[in-house]
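Here's the structure, in structure tokens; my notes come after.
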Amino acid sequence: MGTDAGAMASDSSLEHELEAMLEIEKFEPPAEFRERANWSDPAIYDEAAADPVAWWTARSKELLDWDIEPTEGLNDSDPPFYKWFEDGRINASAQCLDRHVAAGIGDRVAYHWRGEEGEERDVTYADLHRDVQRFANALKDLGVDKGDVVGIYLPMIPEVAVAMLACARIGAIHNVVFGGFSAESVRERMEFADAKALVTVDGARRKGKTAPIKEQVDEQMGSVDSLKTIVVVRATGIDVPMTDGRDVFYDEVCAAADPECPAEPMEAEHPLFILYTSGSTAKPKGILHTTGGYLTGAATTHRYVFDLKPETDVYWCAADVGWITGHTYIVYGPLANGATSVMWEGAPDYPHQGVWWENVERYKATILYAAPTAIRTFIKWGADIPAKFDLSSLRLLGSVGEPINPKAWLWYHKVIGGERCPIVDTWWQTETGGIMITPLPGITATKPGSATTPFPGVKAEVVDEKEGEPLAEGQGLLMLERPWPSMLRTLYKEDDRFIETYFSKFGKERYLVGDAARRDSDGYFWVIGRIDDVVNVSGHRLSTAEVESAIVAHESVAEAAVIGQTDEDTGQAICAFVTLRGGTEPSKDVEAGIREAVATRIGKFARPKRIVWADDLPKTRSGKIMRRLLRDIAEGRALGDVTTLRDPDVMAELEAKIAEESDDES
Ligand code: WTA
């Protein structure tokens, strides 16, 4: 925040330096980095492109130890239902644990866990191996079978990884729900998937407060018929209500379980997990990933994008396990590669705004993977905060979740990376399972703001919206033009929606990403943002329809339209245009009630930042709300074409409202 004169002066000279650096077009990998990089020869791209299936198969055999090696790479006989390594057999939990223990590295730390209040636990591979076996047996004892769905609603504690791997060990399909989602969202995700068990926690800590998670879960879960068991991890020790015959404590069932649970080799295409994510409609999509292909993608990208040296690196992915980034780059990728990770329970500003940098210094982290929204927050807090810590252990930085603006990229590069660390800006999605467009840090010259080029074996194009013709340069739709091992296999129990969403625009062999992108004259990709009604708030994916349906559930609301508005801090922010029912006047109370409704229905992170009271909403003659016009108006742009509106006067009234709003602020 730079309150003293010295800090202010240094902030402004930093500002000048960053401004000057904006002129630099490309950043070559530093020579010392290149020399030691896992991959430094660009020939890898040609090698992969020459025969992508053979190339992925070779990676799979290089980084995984199959129980039965696959004889076939890709089965593409029924697109878009692709299958990879179909006749291979492998167990994800054994890949992440048993083989490392067998190789004699059981005492290597898998996670340096640090809790909010500074508590520490070093969890080794042998520890995880022991706990996962016990919990896997406990799940079996509770009646969980291969193919059953198990919900996981846990904070950032080591038990979350144990629970995921215990499911994988016995072939149960985990369905993790991010801890920031409300209990109501959890219920919905358990219902959609017919979950048989749910693993949750007594309470979750956030910035010194403890939320009574089990109690909240109880209020919702009674109506989920499929749910037979709730397992409760005692993380905070708060008192919790337990229902006889349904609820059990994690520590008790583990203690009672057999310590040995041999890992059963699974078919490569056996489902590993479902992860619900937001799409264009209010109903979340259950992205389904399977075992062999997903693990291949996770291990390969983790090893080569982050240039991982498992013996010496300390890797920190600062995402939450509840999102795909946590699945692939906190759990499966790092553990498959035998890496040592940092797992941080808390927020970036508790107990103080330097806690991330304290963590880097404390564990001598060498690789940091974070979201642009976090970086922008740190910029706001001031460069003097990280300057108080020793960040010299860092050698590589990563970015994920949303486009990173060049200024934030340069700040990250200079202030955190000390100008010596390559930055990998990684583009991918829940659906892709792993990183798809990214620099390779020992090969690719980076340009701030561009995710650069597709990972070897991946074929991406920017195409024109109408014909789907690839564009050598300029803006269009981003497409993935070839199957890859870690791609989603379907939407759980919704095959038709799977085809409709991703494979209907230009045929069943071309995956429609849902992002707009631009290619420059070097062929670099610049991802612009979503083309559908998905909003990205602080790297958290939300659907406008989901938020709208939460808002209209409020008794005073007649109608609502939600848009993502560009926001300096969070990338996009939720802005809601709300029409109240006759007889209700706008007030602070109604506003608070609407925010509360969204928090209860979805989660606090989805609450609208801005609510605009609208007597009417701009609609086409067929009654469709024109969100494009609302975006224009919210961001103060000149309005696009309004001639298709049923009632063009609506826009004039809204413009007057917005003008009033800014008068109030000044
Ligand atoms: C966006 C997160 C620009 C994009 C891994 C994508 C990005 C959506 C980047 C997926 C990036 C992710 N540059 N945009 N490096 N990474 N996105 O499923 O719009 O939570 O479609 O997966 O985030 O979000 P999801």
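The values are calculated or read from the model by the stated rules, or taken from the named source; none is laboratory data. If you're wondering where the values come from, they're calculated on a predicted model, not measured in any experiment. Because the Cβ atoms are built from the backbone with ideal geometry, glycine has one as well, and the counts that use them run over all protein chains shown. SASA here: full protein model, heavy atoms, side chains in, ligands and nucleic acids out. Shrake-Rupley method; radii C 1.70, N 1.55, O 1.52, S 1.80 Å.
Filtering the stretch 289-326 to residues that are open to solvent by 10 Å² or more (accessible area, probe 1.4 Å) and over 15 Å from the mean Cα position of the chain (by Cα) leaves Arg303, Tyr304, Lys309, Pro310, Glu311, Thr312, Val314. Checking each residue in the stretch 632-666 for being modelled with pLDDT under 80 and hydroxyl-bearing (Ser, Thr, Tyr) picks out Ser662, Ser666.
Could you please let me know if Ala195 is over 16 Å from Asp320 (Cβ atoms) and outside any loop (DSSP other than H, G, I, E, B)? Answer is no for this residue. In summary, Pro470 fulfils each of the numbered conditions (1) open to solvent by less than 10 Å² (accessible area, probe 1.4 Å); (2) outside the structural domain of Leu18 (by TED's automatic domain parsing); (3) free of Cβ contacts under 8 Å to residues at least 40 places away in the same chain with the single exception of condition (1). Scanning the stretch 383-399 turns up no residue that is hydroxyl-bearing (Ser, Thr, Tyr), assigned by TED's automatic domain parsing to the domain that holds Asp349, within 23 Å of Thr432 (Cβ to Cβ) and touching a residue at least 40 places away in the same chain (Cβ under 8 Å). Apart from one condition, Glu461 fits all of (1) out of contact with any Gly (no Cβ under 6 Å at 6 or more places or on another chain); (2) outside any loop (DSSP other than H, G, I, E, B); (3) within 11 Å of the ligand (Cβ to nearest atom); the exception is (3). For the stretch 477-492, indicate whether the set of residues that are of a type in the set (Lys, Arg), open to solvent by 50 Å² or more (accessible area, probe 1.4 Å) and away from the ligand (no atom under 15 Å from the Cβ) is non-empty. So far as the stretch 477-492 goes, yes, one or more of its residues are of a type in the set (Lys, Arg), open to solvent by 50 Å² or more (accessible area, probe 1.4 Å) and away from the ligand (no atom under 15 Å from the Cβ).
Since Ala37 meets every condition but one in (1) open to solvent by 20 Å² or more (accessible area, probe 1.4 Å); (2) touching a residue at least 60 places away in the same chain (Cβ under 8 Å), which condition does it not meet? Result: Ala37 passes all but (1). Would you check if there is a residue in the stretch 292-304 being in contact with a strand residue (DSSP E or B) (Cβ under 7 Å, 6 or more places away or on another chain) and more than 22 Å from Arg89 (Cα to Cα)? Among the residues of the stretch 292-304, not one is in contact with a strand residue (DSSP E or B) (Cβ under 7 Å, 6 or more places away or on another chain) and more than 22 Å from Arg89 (Cα to Cα), which makes the answer no.
Conditions tested, residue by residue: (1) among the aliphatic types (A, V, I, L, M); (2) within 16 Å of the ligand (Cβ to nearest atom).
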site: Ala299; (1), (2): yes, no
site: His302; (1), (2): no, yes
site: Glu311; (1), (2): no, no
site: Trp316; (1), (2): no, no
site: Trp323; (1), (2): no, yes
site: Ile330; (1), (2): yes, yes
site: Pro334; (1), (2): no, yes
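Filtering the stretch 189-211 to residues that are under 23 Å from Phe135 (Cα atoms) and either without any contact (Cβ under 8 Å) to a residue 12 or more places away in the chain or open to solvent by less than 10 Å² (accessible area, probe 1.4 Å) (or both) leaves Arg189, Met190, Ala193, Ala195, Ala197, Leu198, Val199, Thr200, Val201, Asp202, Gly203.
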